[in-house]
1. Taking amide H atoms as placed 1.01 Å from N in the peptide plane, list the residues 5 or more away in sequence, or in a different chain, whose amide H sits under 5 Å from that of B:GLY128.
2. In square nanometres and to one decimal, what's the mean projected area of the convex hull around the Cα atoms of region C:1-44?
3. Which listed residue (B:SER227, B:TRP211, B:LEU253) has the Cα farthest towards the positive end of the charge dipole for region B:56-274, taking +1 on Lys and Arg C-beta and -1 on Asp and Glu C-beta about the Cα centre?
4. Among the DSSP beta bridges whose two residues both lie in the protein assembly as shown, what percent are antiparallel, rounded to the nearest 5?
5. Calculate, for B:SER227 and A:ASP235, the FRET efficiency according to 1/(1 + (r/R0)^6) with r their C-beta to C-beta distance and R0 30 Å; round to the nearest 0.05.
6. Could you give the dipole magnitude of region A:138-195 about its Cα centre, charging the beta-carbon of Lys and Arg +1 and that of Asp and Glu -1, in debye to the nearest 20?
7. Provide Rg over Rh for chain C; use the alpha carbon set for both Rg and the Kirkwood Rh (inverse mean inverse pair distance).
8. If the viscosity is 1.002 mPa s and the temperature 20 °C, what Stokes-Einstein diffusion coefficient in µm²/s follows for region A:161-218 when Rh is the Kirkwood radius over Cα pairs?
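Bear in mind that the values in this text are calculations on the coordinates, not laboratory data. In this text, all values refer to a predicted model and were calculated from it rather than measured experimentally. Here the Cβ is made from the backbone with ideal geometry for all residues, glycine too, and neighbour counts use every protein chain on show.
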Amino acid sequence: MNTNAKKREKAGAFLRQSSVPIMFVIICAVCIPISGLSPSYLINEIVTRMGRNVFLILSLLIPIMAGMGLNFGMTLGAMAGEIALILVSDWQIVGIPGMVLAMIFSVPFSILLGWFCGKILNMARGREMITSYIISYFINGVYQLVVLYLMGSVIPIRHGSIKLPRGYGIRNTVSLLNMRQKLDNLIPLTIAGVKIPVMTFIVIGVLCLVIIWFRRTKLGQDMRAVGQDMQVARDAGINVERTRIISIIISTVLAGIGMVIYLQNMGNIATYSSHSQIGMFCIAALLVGGASVDKASIGNVFLGVILFHTMFIVAPKAGAAITGDSMIGEYFRVFVSYAVITVALVMYETQKRKRKSLEGQKLAQAQKGEQNKGQKEENEA
Amino acid sequence: MNTNEKSGFAKFIDSFGLPRLIITAFLLLLLVACPFVGADLPTQISNIISRFSWNGVLVLAMVPMVHSGCGLNFGLPLGIISGLLGATLSIEFGFTGPISFVMAILISTPFALVLGSGYGWLLNRIKGGEMMIATYVGFSSVSLMCMMWLVLPYKSPNMVWGLAGKGLRTTISLEGYYNQVLAKFLAIKIGNFTFPTGTILFFAALALAMWAFLHTKTGTAMTAVGSNPVFARAAGINVNRIRLLSVIMSTWLAAIGILVYQQGFGFVQLYMAPFYMALPAVSAILIGGASVNKATITNVIIGTILFQGIVTMTPTVMNNMIHMDMSEVIRIIVSNGMILYALTRKTEAAT
Amino acid sequence: MKKKRSFIFRLIALALIAALAAWMFLIGRGHTVYFDNKSLTAPDGTAYEPWYQIEILKDGQRVARLKAEDRGMVEVMGQKLTVEVKLAKSKDGKMQGGTIGLELPYNKDGVIYNLPAMLAGAQEEVYMSEFIPTPVEEETEEVVVTDEFVLPSEE
């Protein structure tokens, strides 16, 4: 009987954890037939979007490991990647070398921004997520200052195709035509009509291996310790502040590189909007894959990308088919993205509170005399 | 003697807050520069006052939740949506003129109460993580309403898309409804200077009511809950009920706030417009000297004047001075920088 | 001791990355190369007449077929370009062929090569010139959209 109860508890925990992915499977299962999209089109799109997004989403894993929650500041890395790409395309470095150069150039910007972000987050302990979220807006202002006013006037930009006609500032879109899908098509492979970006997947695979390896290094272990309990980690002689800053820096650098991969697939930079929503979409995708604020694995990333982007492709068509208005579907997918994040955050916070009150209960039981009083407080809460 | 003076000055900076000092200085600089760059000072000042009057109530909506320890209300869009529902339904039911404003308030109230209760109930379950979840509650509700604006069976030809005959437009003109209804009430006009007496009075009444409320028994209980929840509970205060009340108040004020904003602006903005409306209100009250768990009516007034002052003045002055309109960038950096500053300050009640 | 060693390692890694970046600068420079089959009069008075037809092949693939007074275009990465040319004097004349190796100047985005002059053995400054894109007259100012209210979407 005891084992039965345990089993039931386990099944319940599993269901709770995977409720979001299951919900998404249902949404997709309902929407795919209604949308009327052909399976080959759908698979092609999903494979493309996997290549485009997985690297970016993987950048979120390390701060989660360090207990810093969902890094809404990954936008900073995306901005660093964009600045590097703008410069590289003005220098007319094209193709794969251009991409490699942009990745290299994004790193110093990413390190600087990540360091800034980490510093601030250390000052706002306990509210890392909202702070990293506001940081992304703040740095967006700085980014606009640089790109809209300093580029072309202070930072030399030569090409009229990139610069605004007024002589400074960058145009709304910067073409990456000479870099477009160069990485995806480096090793061309088509299986049953599905184009597979082999090289991009190889890069992603390497990053996955690096993350697995990183978890086992001293620094990775330290991060996990910090994520478990900061005080214990500090007592064990870990420099908590430094570890946290490094985790954010790594995340930002990876996001910068991921953004270069993302944009080479897109083929152009939407200078003032490419980065602004990227954080939200990546976080939503990760959560859809079954991750939570304090626990995320590589498996969550892949599952999340597939489910989230299936919904993303299918929703507008399905919405149009049902209501006759394509905008409904577009609003629907945005709503779902936000709702998923909201639900995940609520689940995380309620579980955190439950854990806390459980600990409180234990403490109260230990102090026998005060047991009754402790119970009363529980009831009130 | 000398050292004494210095410490006095340092104390002043401490109490006033360095960022607020910089922002005040910046605004004063803009005002001083105004005549030199050929901008008309009275017009500018009356602009600032009227924009203050539009936004005041929205900023005031921050106060109750800060007092009860729920933090800054990033979920302001939820209240705004109640206001939008009130506005659109009032027009749909065929009310015009000043009556439509009163009806908009009346209709939006039940929505604000219901949505506010749900929101408050949620926030009571996730104590400590309010701000992030509030942000996303706001976002989710705005995007949900985006669908609703399309689907709900509105009929009024002044609001729906002309061609399709259904689905609300993104902006709805309030001409003939409650455009300027408060602002024109007892308005004082001297040359280029206009004073929107009605709107200011409306704001003053609400602010006074808020001030009075905070001095009632429930109001002091609210402050107690915010500053020390453990102590409040020990004193027999029902913490969850007080918090719920504060959230409902905040949501209702946001609903009223957006209606006041609309009567000044002249349009109802639907769809994605409420999305980022929380951020200006949040940064305004912070610029006014509030912190994550402390806010007064004075903070609201000073903050709104400073924030709206900078928002209105920078485009004119900058454009005339260096022919570069950097106001948007300055606004983003200043307002978000201010929020960051507030979030990073150590506060006693931070958990 | 250990610190010193890791410092040296980091320095080496940094140098390697810098070297990689420099290498990318070299091999990744993109140029647009234009081939002209046009008549040209050199400053010294020599006149070069266009061929009836010139075919240009890069990596075995035809990239341009130029009649007289035509211009063809190739996108190139790096500073070296080797193309195969097939020439015909007249409509049913015999095709001549050969390969040309070109060193592209790093600082020029677009380069024009006048093939008749080049094949006739003229000086480089005669047959090569920089391509300067004609500026669009009176371009209307682009309105920058930094709008926060746009619907988030990927495409």
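1. For B:GLY128, whose amide H was placed from the backbone, there are no distant partners under 5 Å.
2. Projected area, direction-averaged: 5.6 nm².
3. Most positive-ward Cα: B:SER227.
4. Working: 49 of 55 bridges.
The antiparallel proportion sits near 90 percent.
5. On the way: r = 31 Å, r/R0 = 1.04.
Once the sixth-power term is evaluated, E becomes 0.45.
6. Details: 7 positive and 1 negative charges, 34 e Å.
I would put it at about 160 debye.
7. Numbers: Rg = 23.4 Å, Rh = 19.5 Å.
Ratio of gyration radius to Kirkwood radius: 1.20.
8. Rounded, D is 145 µm²/s.
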